[in-house]
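Trainee: One structure coming up, written as structure tokens, with questions to follow.
The values are calculated or read from the model by the stated rules, or taken from the named source; none is laboratory data. Just so we're clear, the structure is a prediction, and the values are computed from it rather than from any experiment. Note: ideal-geometry Cβ built from the backbone for every residue, glycine included; neighbour counts use all protein chains shown. Heavy atoms of the whole protein, side chains included, go into the accessibility calculation; ligands, DNA and RNA do not. Shrake-Rupley method; radii C 1.70, N 1.55, O 1.52, S 1.80 Å.
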Amino acid sequence: MLLFRLLLLTSALAGQPGTQAESNPSSKFQLSSTKEQNGVQAPQHERIITVSTNGSIHSPKFPHTYPRNMVLVWRLVATEENVWIQLTFDERFGLEEPEDDICKYDFVEVEDPSDGTILGRWCGSGTVPGKQISKGNQIRIRFVSDEYFPSEPGFCIHYNIVMPQVTEAVSPSVLPPSALPLDQLNNAVTAFSTLEDLIRYLEPDRWQLDLEDLYRPGWQLLGKAFVFGRKSRVVDLNLLKEEVRLYSCTPRNFSVSIREELKRTDTIFWPGCLLVKRCGGNCACCLHNCNECQCVPSKVTKKYHEVLQLRPKIGVRGLHKSLTDVALEHHEECDCVCRGNAGG
């Protein structure tokens, strides 16, 4: 009997290394990855998938708990150039929950390789991501999991080919923004009353992400808008003189077109017009002995206004959106001078 127990113990010890190797998550993933060839475990590499028919990619072990500590990257490339790739997420979706509404740890991310635009990043299990459509014939998907708290079921993304077509109008125009001539797009943009409505029109599938990116400050924007400030003047005049001054040669509000002011017909701005101070009014009280007086600026400053800038992307569809500062002339002081002496 003792000899029989020793033989059983020896057999159990001999099988222990195999059990440890099987319980190693990395070994499990390598085995699964080799069998499925479902992505690669290196952020600098990606698996190229040629797309000619419908298909799908998924997190390892879907719909069960995915392994920890991995980076998987897929690039879907359609065999035809003039087509788009549409991604549809399976209803079974669950990754590690976000922290402060930000997907920091486990997430799946969709990127457009043509310009590096992140179409979306998702995690948690509250909402299934919506459909995503590429801007060209390629799209990249990245899955990241850290070393803690894997979740289930992971994700599965179904992909298919779609032909470019005119989408349903959600704005003043029947064509998608990227298909409009620049002047027509400018007219469509100026029709919107809020920035949110404008971005929703330009990017209906990812407008919230674009809006967040737009307001993420960059070093080139900090401290530039309205650097000169507004001049504060205290004028000690009686009521009658004040009434006359209001209608005489003084700085007053004018709306100007940014495109016309900057002579930038290759760019669209929103708002399209801005309020500036320009000299206006008459010169009935002109002190100069001349036949005709005119109101001209005697002190001019440039003020910076932060606006949304839309520029067509070179070689690809879509618009490059950014906040930019535009410098416009403001008239701080005005004088009445004889016509012909305005430059003196």
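Trainee: Quick one: Karplus J couplings for the range 190-206, per residue in order, coefficients 6.51, -1.76, 1.60, θ = phi - 60°, nearest Hz, x for Gly and Pro?
Mentor: Running phi through 6.51 cos²θ - 1.76 cosθ + 1.60 with θ = phi - 60° gives 5, 6, 7, 9, 10, 5, 4, 5, 5, 5, 4, 5, 6, 10, x, 8, 9 Hz.
Trainee: Looking at the square roots a ≥ b ≥ c of the eigenvalues of the Cα gyration tensor of the range 238-343, which shape do they give, rounded for a/c under 1.5, prolate if a/b is larger than b/c, or oblate?
Mentor: Numbers: a/c = 4.01, a/b = 2.58, b/c = 1.55.
Cα axes put the range 238-343 in the prolate bin.
Trainee: Ranked from highest to lowest mean number of other Cβ atoms within 10 Å per residue, what is the order of the peptides 145-155, 177-187?
Mentor: Details: 145-155: 17.4, 177-187: 15.3.
Taking the mean over residues of other Cβ atoms within 10 Å, the ranking is 145-155, 177-187.
Trainee: Tell me the carbon and sulfur percent of the accessible area for the range 47-162, rounded to whole percent, probe radius 1.4 Å. All intermediate terms of the calculation are to be shown ahead of the outcome.
Mentor: Working: 2420 of 5350 Å².
Summing carbon and sulfur atoms, their accessible area is 45 percent of the total for the range 47-162.
Trainee: Determine which aspartates and glutamates satisfy two conditions relative to Lys277: a Cα distance under 17 Å, and not lying fewer than 8 residues away in the same chain.
Mentor: The qualifying aspartates and glutamates are Glu260, Glu261, Glu306, Glu329, Glu332, Glu333, Asp335.
Trainee: In nm, to one decimal, how far is the Leu214 label point from the Thr65 one, both placed 7 Å along Cα→Cβ?
Mentor: 4.3 nm
Trainee: To continue, here is another question. Please give every one of the aspartates and glutamates within straight-line cross-link reach of Lys61, meaning a C-alpha to C-alpha distance under 20 Å, and leave out same-chain neighbours fewer than 8 residues apart.
Mentor: Once the sequence-local aspartates and glutamates are set aside, what remains near Lys61 is Glu22, Glu36, Glu46, Asp90, Glu91, Glu96, Glu97, Asp106, Glu109, Asp146, Glu147, Glu152.
Trainee: Still on this structure: Assuming 0.36 nm per residue, please report the length gained on full extension of the stretch Thr127 to Glu80 beyond their Cα-Cα distance.
Mentor: Working: separation 47, 0.36 × 47 = 16.92 nm, distance 3.25 nm.
Between Thr127 and Glu80, full extension yields an extra 13.7 nm.
Trainee: Which percent of Cα pairs goes in each bin when the distances of the range 47-162 are cut into 10 angstrom slices starting at zero?
Mentor: 15, 48, 30, 7, 0
Trainee: Per 0.36 nm of contour for each residue apart, how much would the distance between Cys285 and Leu180 grow if the chain were fully extended, relative to their Cα-Cα spacing?
Mentor: Details: separation 105, 0.36 × 105 = 37.80 nm, distance 5.13 nm.
Between Cys285 and Leu180, full extension yields 32.7 nm more.
Trainee: Could you provide, to the nearest whole Å², the per residue accessible area of the range 238-343 with probe 1.4 Å? Display every interim value, and only then the final one.
Mentor: Numbers: 6290 Å² over 106 residues.
On a per-residue basis, the range 238-343 sits at 59 Å².
Trainee: Taking 19 Å as the cut-off for C-alpha to C-alpha distance, list the pairs among Lys135/Lys321; Lys104/Lys135; Lys263/Lys303; Lys104/Lys321; Lys131/Lys313 that go past it. Don't skip to the answer; put the middle values down first.
Mentor: Details: Lys135/Lys321 15 Å; Lys104/Lys135 26 Å; Lys263/Lys303 17 Å; Lys104/Lys321 25 Å; Lys131/Lys313 23 Å.
Too far apart for the 19 Å limit: Lys104/Lys135; Lys104/Lys321; Lys131/Lys313.
Trainee: Okay, next question. Multiplying the sequence separation of Ser257 and Thr53 by 0.36 nm and subtracting their Cα-Cα distance, what value in nm do you get? If you can, show how the numbers build up before the last one.
Mentor: Working: separation 204, 0.36 × 204 = 73.44 nm, distance 4.90 nm.
68.5 nm is the gain from fully extending Ser257 to Thr53.
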